[in-house]
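Enquirer: Please see the structure below; I have some questions.
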Amino acid sequence: LLQFLGEDIWLQVQSWQKKSEILASQTSYSAVNSILIELYEEISKLSMEECATIAKLLPQLHSGMGQGQYLRALAFIDIDSKFLESHMFIIEKLLNVLHANFSIENGLYDWLECKQNPKNWLTIFPLDPKCQSRSAGLAILQLPAAELMEYSLPAENILVVENMQSGLGLPPMENTIAVIGCGRNIAWLHADWLKSKKVMYWGDIDTWGLTILSEARELCTNIQAIMMDGETINAHLHLLTIEPTSNRNLPASLTDAEQSLFKQLNQMCDQPNRLEQERSPQAYVLKNLLSYCS
């Protein structure tokens, strides 16, 4: 069949066979034969050197070796951890057939007991000198969302702001810490420590801004929207722009007034129907923020 398909295919399969033999050189070929066939395309893209390095790496990996460290902290003989990250898909597939306690669903990080690399960074902005002193004296800092799930910010008022630039323009506010530039990175709002705080949310007034508000309220039921109402829209009609793409699906966790506003914005889709945070006059923002946190 291969001869019939032509010389190029024949040479390609020969190359794959050589690479597969290298990959299986440190284990039983029969144990990994079926997965090597499944990984035909991926293996074909590897060099002979990469195959040899994977074969050398596999025996060095064992369950629990990470001991709570990050993956890059692991030490291998003649192999760097970046190589492991770059070839994780193939390595996970091979480990799944080589080790009975390895699960593709849980993945390499869980099996090694390594911490995931920090991601979904959030900017923490203390708005009160006392809150700043409780935050190691730092005027501004960043934390990954996973850390914020566990770390209770030292303030009674937590102000969540969708956009970074609007957050940086916030005024001093007593007993308040802002989490700014969140966008749709709001999964951390499910944190238990937020239940005992006064939590406020300020985002763009458009269909997607109201959608994020709804999602935030599903995670944190005590969240309170500020400056995301019809009154704010009507006071700044001259500052509205057109939302590029509107969300047509009514979010589930909006108040009656917010649902009415959402529907109104959708009906205005062919005309200015969006008030971006950055376009709100600073005097209006200051007046409302201070009244909410008083």
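The values are calculated or read from the model by the stated rules, or taken from the named source; none is laboratory data. These numbers were taken from a predicted model, which means no experiment stands behind them. Here Cβ is always computed from backbone atoms with ideal geometry, including for glycine, and neighbour counts include all displayed protein chains. Ligands, DNA and RNA are excluded from the accessible area calculation, which covers all protein heavy atoms including side chains. Shrake-Rupley method; radii C 1.70, N 1.55, O 1.52, S 1.80 Å.
Enquirer: Considering the stretch 73-113 alone, what residues qualify as being more than 21 Å from the chain's Cα centre (by Cα) and on the phi > 0 side of the Ramachandran plot?
Expert: Listed by number, the list holds a single entry, D78.
Enquirer: Are there any helices (runs of 4 or more DSSP H) wholly within the stretch 67-170 with 1 or more residues that are within 25 Å of E38 (Cβ to Cβ), and if so which?
Expert: Where helices (runs of 4 or more DSSP H) fall fully within the stretch 67-170 and carry at least 1 residues being within 25 Å of E38 (Cβ to Cβ), they are 81-86, 88-98, 107-112.
Enquirer: Which condition number in (1) in contact (Cβ under 8 Å) with a residue 40 or more places away in the chain; (2) outside any helix (DSSP H, G or I); (3) not acidic (D, E) is the one that S25 fails?
Expert: S25 satisfies all of (1) in contact (Cβ under 8 Å) with a residue 40 or more places away in the chain; (2) outside any helix (DSSP H, G or I); (3) not acidic (D, E) except (1).
Enquirer: Given the conditions (1) more than 16 Å from L112 (Cβ to Cβ); (2) within 29 Å of the chain's Cα centre (by Cα), which single one is not true for I43?
Expert: Checking I43 against (1) more than 16 Å from L112 (Cβ to Cβ); (2) within 29 Å of the chain's Cα centre (by Cα), the one that fails is (2).
Enquirer: In the stretch 123-182, what count of residues is obtained for those that are touching a residue at least 40 places away in the same chain (Cβ under 8 Å), open to solvent by 40 Å² or more (accessible area, probe 1.4 Å) and of a type in the set (S, T, N, Q)?
Expert: Going through the stretch 123-182 one residue at a time, the tally reaches 3.
Enquirer: Among (1) free of Cβ contacts under 8 Å to residues at least 40 places away in the same chain; (2) closer than 25 Å to S152 by Cα; (3) open to solvent by less than 80 Å² (accessible area, probe 1.4 Å); (4) of a type in the set (A, V, I, L, M, F, W, C), which single condition is M88 missing?
Expert: (2)
Enquirer: For the condition charged (D, E, K, R) and without any contact (Cβ under 8 Å) to a residue 12 or more places away in the chain, what is the one hit in E41, E50?
Expert: On the way: E50 fails: without any contact (Cβ under 8 Å) to a residue 12 or more places away in the chain.
After ruling out the rest, the residue left standing is E41.
Here's the yes/no breakdown for (1) of a type outside the set (K, R); (2) at pLDDT 95 or above; (3) more than 16 Å from T53 (Cβ to Cβ):
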residue	(1), (2), (3)
L74	yes, no, no
V97	yes, no, yes
I104	yes, no, yes
L112	yes, yes, yes
K115	no, no, yes
A136	yes, no, yes
I140	yes, yes, yes
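Enquirer: Identify the single condition in (1) open to solvent by less than 80 Å² (accessible area, probe 1.4 Å); (2) under 18 Å from V97 (Cβ atoms) that S47 does not satisfy, given that it satisfies every other one.
Expert: (2)
Enquirer: Residues to consider are P244, P251, P272; find the one that is surrounded by fewer than 19 Cβ atoms within 10 Å (Cβ to Cβ), touching a helix residue (DSSP H, G or I) at 6+ places or on another chain (Cβ under 8 Å) and not β-branched (V, I, T).
Expert: Values: P244 fails: touching a helix residue (DSSP H, G or I) at 6+ places or on another chain (Cβ under 8 Å); P251 fails: surrounded by fewer than 19 Cβ atoms within 10 Å (Cβ to Cβ).
Only one candidate qualifies: P272.
Enquirer: Here are some conditions: (1) touching a Phe, Trp or Tyr at 6+ places or on another chain (Cβ under 7 Å); (2) farther than 17 Å from V285 by Cβ. A178 meets all but one. Which one does it not meet?
Expert: (2)
Enquirer: Considering only residues that are assigned to a helix (DSSP H, G or I) and open to solvent by less than 50 Å² (accessible area, probe 1.4 Å), look in the stretch 3-21 and name the one that is nearest to L94 (Cα to Cα).
Expert: S20
Enquirer: Determine whether K119 is modelled with pLDDT of 95 or more and either more than 24 Å from I22 (Cα to Cα) or crowded, with 18+ Cβ neighbours inside 10 Å (or both). Please lay out each step first, then the result.
Expert: Details: modelled with pLDDT of 95 or more: no; either more than 24 Å from I22 (Cα to Cα) or crowded, with 18+ Cβ neighbours inside 10 Å (or both): yes.
In short, no.
Enquirer: Something else now. Just to verify a result, which residue in the stretch 196-231, among those that are under 21 Å from the mean Cα position of the chain (by Cα) and acidic (D, E), is nearest to C293 (Cα to Cα)?
Expert: My answer is D204.
Enquirer: How many residues, within the stretch 91-116, are among the aliphatic types (A, V, I, L, M) and more than 20 Å from L23 (Cα to Cα)? Reasoning before the result, please.
Expert: Initially, the stretch 91-116 is screened for residues among the aliphatic types (A, V, I, L, M), giving 91, 94-95, 97-98, 100, 104, 108, 112.
This time we only want the ones that are more than 20 Å from L23 (Cα to Cα), so: 112.
Qualifying residue count, the stretch 91-116: 1.
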